[in-house]
Amino acid sequence: MYKKELRKLYKEKRKNLTLEAIKQLQQNIYKQVFEFNFSTVKNVHVFLPIERQIEIDTYPIIEFLRSKEKNIIISKSDFSTATLQHFLFEEHTELEVNKYGIPEPINAKEITVKEIDLVFVPLLVSDKLNYRVGYGKGFYDRFLSECKKEIITIGLNFFKPIDKIEDKNEFDVALHKVIFPK
């Protein structure tokens, strides 16, 4: 299938998940994340969930990483350039939800992209080669292409990977790993 069709299909699949199903799927994802070896990483970029898009709640992951003394990095979106700025997400950092439903920091210290060691990436669906379909604006593909060569990228998804995304292009960045409920 093509990205446009996959976006529509997987947004609909998310909408059809019950609250109980979401809770169970997230618990399975959290278990896998918590078993990951974070010993070589210090700065972890985590997306904050867009509630109206029924994204995976990453706040338990953030709390777990903080308990492991990892620095949490979150982003602010610039829709005029389709780019992200990155900020340290500390306990006192205030958030404001933008018009797209994205929680963003308003009083945080900016971090350079090269300081980030691991990125948790949002997605609607991925394929078996770990290419992803997001919302189609290219924010994360641009961001990941700027990261250091040693970056670890992990997608989080409610659904298992499909066989193939038909219209991948040279700007798409494959993830190192996709975590989905087993």
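The values are calculated or read from the model by the stated rules, or taken from the named source; none is laboratory data. Quick caveat: nothing in here was measured; it's all calculated off a predicted structure. Positions of Cβ are generated from backbone atoms using ideal geometry, with glycine treated the same way; all protein chains shown enter the neighbour counts.
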- [ ] Working only within segment 1-58, note down all residues that are modelled with pLDDT under 95 and among the acidic types (Asp, Glu).
- [x] GLU51
Open item on the list: Can you confirm whether ASN28 is more than 17 Å from PHE159 (Cβ to Cβ) and in contact (Cβ under 8 Å) with a residue 60 or more places away in the chain?
Closed with: no
Task: Restricting segment 107-166 to residues that are over 14 Å from the mean Cα position of the chain (by Cα) and part of a strand (DSSP E or B), the residue that is nearest to ASN43 (Cα to Cα) - done: ILE111
- [ ] Considering every residue within segment 125-138, establish whether at least one is surrounded by fewer than 18 Cβ atoms within 10 Å (Cβ to Cβ), among the charged types (D, E, K, R) and within 21 Å of ASP57 (Cα to Cα).
- [x] no
Open item on the list: Looking only at segment 2-21, how many residues end up being under 15 Å from GLY136 (Cα atoms) and over 18 Å from the mean Cα position of the chain (by Cα)?
Closed with: 5
Task: Criterion: more than 16 Å from the chain's Cα centre (by Cα), small (Gly, Ala, Ser) and surrounded by fewer than 17 Cβ atoms within 10 Å (Cβ to Cβ) - qualifying residue of SER77, SER67 - done: SER67
Task: Residue match in segment 18-30 (condition: surrounded by 12 or more Cβ atoms within 10 Å (Cβ to Cβ), of a type outside the set (Val, Ile, Thr), farther than 29 Å from LYS149 by Cβ and in contact with a Lys or Arg (Cβ under 7 Å, 6 or more places away or on another chain)) - done: yes
Task: Residues within segment 136-167 that are farther than 13 Å from LEU84 by Cβ and not charged (D, E, K, R), tallied - done: 13
Task: From VAL44, VAL97, residue being without any contact (Cβ under 8 Å) to a residue 12 or more places away in the chain and either in contact with a strand residue (DSSP E or B) (Cβ under 6 Å, 6 or more places away or on another chain) or farther than 30 Å from PHE171 by Cα (or both) - done: VAL97
Task: Contacts under 8 angstrom Cβ, first residue in segment 170-182 being in a strand (DSSP E or B), partner buried (at least 19 other Cβ atoms within 10 Å of the Cβ) and among the hydroxyl-bearing types (Ser, Thr, Tyr), 6 or more apart - done: LYS177/THR153; VAL178/SER126
Open item on the list: Between a residue in segment 48-70 that is of a type in the set (S, T, N, Q) and any residue that is part of a loop (DSSP other than H, G, I, E, B), which pairs come within a Cβ distance under 7 Å, given they are 6 or more apart or on different chains?
Closed with: GLN53/GLY101; THR58/VAL46; THR58/PHE47; THR58/LEU48; THR58/PRO49
